[in-house]
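*Asks:* Let me begin by handing over the structure; questions about it come next.
The values are calculated or read from the model by the stated rules, or taken from the named source; none is laboratory data. Keep in mind it's a predicted model, so treat the numbers as computed, not measured. Here the Cβ positions follow ideal geometry from the backbone for every residue, glycine too, while neighbour counts run over all protein chains shown.
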Amino acid sequence: MFNVGDKVVYPMHGAGIIEAIEEKEILGATKKYYVMRLPVGDMKVMIPIDSCTQVGLREIVCQEMVEQVFDVLQSHDQIEVSANWNRRYRDHLEKIKSGNILDVAEVVRNLTIRDRVKGLSTGERKMLESARQILISELILVKNSNHDEIASELEVIFNDYPE
């Protein structure tokens, strides 16, 4: 169980801070919810406490893991991505849903490189933006930073990608 003030990641939404634990009645059922504020987009999300394990709610990663994230982002030599857009999309979606920050970084890297080399479909472009926001939201909390600083750090890495 998490407490108010804990920094957590909600897969497919991003990282945030639990601001409150509230009881709400929705559709006739009363449940307890974590109220989480996301730093990107200043959005609030309510997560049912009894299903937080199923949705993959987890603590943010430690500072040491950030180095591994940047290693994944910088390793653009050996990328094996399916040429079939449908399979590629499903594979990337599974990685984002996993909630694993290294998988999300891999999706950001793969789609950014593909965008530079061949361009992206509308669906993949939306997926890239979503994955970037999820990645940035967690890095903001781990590094105790802000959106612009993290986005700038990522741009420096992306500028080294092939075109």
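*Asks:* Residue check: is Val35 modelled with pLDDT of 95 or more and among the aliphatic types (A, V, I, L, M)?
*Replies:* Judged against the criteria, Val35 is a match.
*Asks:* Given the residues Asp91, Asp115, Asp103, Asp148, which is the only one that is in a helix (DSSP H, G or I), in contact with a helix residue (DSSP H, G or I) (Cβ under 6 Å, 6 or more places away or on another chain) and not aliphatic (A, V, I, L, M)? Talk me through it step by step, then tell me what you get.
*Replies:* Numbers: Asp91 fails: in contact with a helix residue (DSSP H, G or I) (Cβ under 6 Å, 6 or more places away or on another chain); Asp115 fails: in contact with a helix residue (DSSP H, G or I) (Cβ under 6 Å, 6 or more places away or on another chain); Asp148 fails: in contact with a helix residue (DSSP H, G or I) (Cβ under 6 Å, 6 or more places away or on another chain).
When all the criteria are applied, what remains is Asp103.
*Asks:* Only one of Ile21, Ile60 is more than 15 Å from Val104 (Cβ to Cβ) and either surrounded by 14 or more Cβ atoms within 10 Å (Cβ to Cβ) or in contact with a helix residue (DSSP H, G or I) (Cβ under 8 Å, 6 or more places away or on another chain) (or both). Can you tell me which? Quick ask: steps written out before the conclusion?
*Replies:* Details: Ile60 fails: more than 15 Å from Val104 (Cβ to Cβ).
It is Ile21.
*Asks:* Would you check if Glu124 is on the phi < 0 side of the Ramachandran plot and either assigned by TED's automatic domain parsing to the domain that holds Gly14 or within 17 Å of the chain's Cα centre (by Cα) (or both)? Step through it out loud before you land on a result.
*Replies:* On the way: on the phi < 0 side of the Ramachandran plot: yes; either assigned by TED's automatic domain parsing to the domain that holds Gly14 or within 17 Å of the chain's Cα centre (by Cα) (or both): yes.
Yes; evaluated as a whole, the condition is true for this residue.
*Asks:* Any residue in region 72-79 that is assigned to a helix (DSSP H, G or I) and closer than 17 Å to Tyr10 by Cα?
*Replies:* Going residue by residue through region 72-79, those that are assigned to a helix (DSSP H, G or I) are 72-74.
Filter again for closer than 17 Å to Tyr10 by Cα, leaving none.
Looking for residues that are assigned to a helix (DSSP H, G or I) and closer than 17 Å to Tyr10 by Cα, one finds none in region 72-79, hence no.
*Asks:* What single numbered condition from (1) in a strand (DSSP E or B); (2) over 20 Å from Leu139 (Cα atoms) fails to hold for Asp50?
*Replies:* For Asp50, the failing item is (1).
*Asks:* Out of region 29-43, which residues are free of Cβ contacts under 8 Å to residues at least 40 places away in the same chain and outside any loop (DSSP other than H, G, I, E, B)?
*Replies:* Selection gives Ala29, Thr30, Lys31, Lys32, Tyr33, Tyr34, Val35, Met36, Arg37, Met43.
*Asks:* Just to verify a result, which residue in region 118-145, among those that are out of contact with any Lys or Arg (no Cβ under 7 Å at 6 or more places or on another chain) and not in a helix (DSSP H, G or I), is surrounded by the most Cβ atoms within 10 Å (Cβ to Cβ)?
*Replies:* Of everything passing the filter in region 118-145, Ser145 is surrounded by the most Cβ atoms within 10 Å (Cβ to Cβ).
Here is a yes/no grid of residues against (1) farther than 16 Å from Lys7 by Cβ; (2) in contact (Cβ under 8 Å) with a residue 24 or more places away in the chain:
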residue: Arg116; (1), (2): yes, yes
residue: Ile136; (1), (2): no, yes
residue: Ile140; (1), (2): no, yes
residue: His147; (1), (2): no, yes
residue: Ser152; (1), (2): yes, no
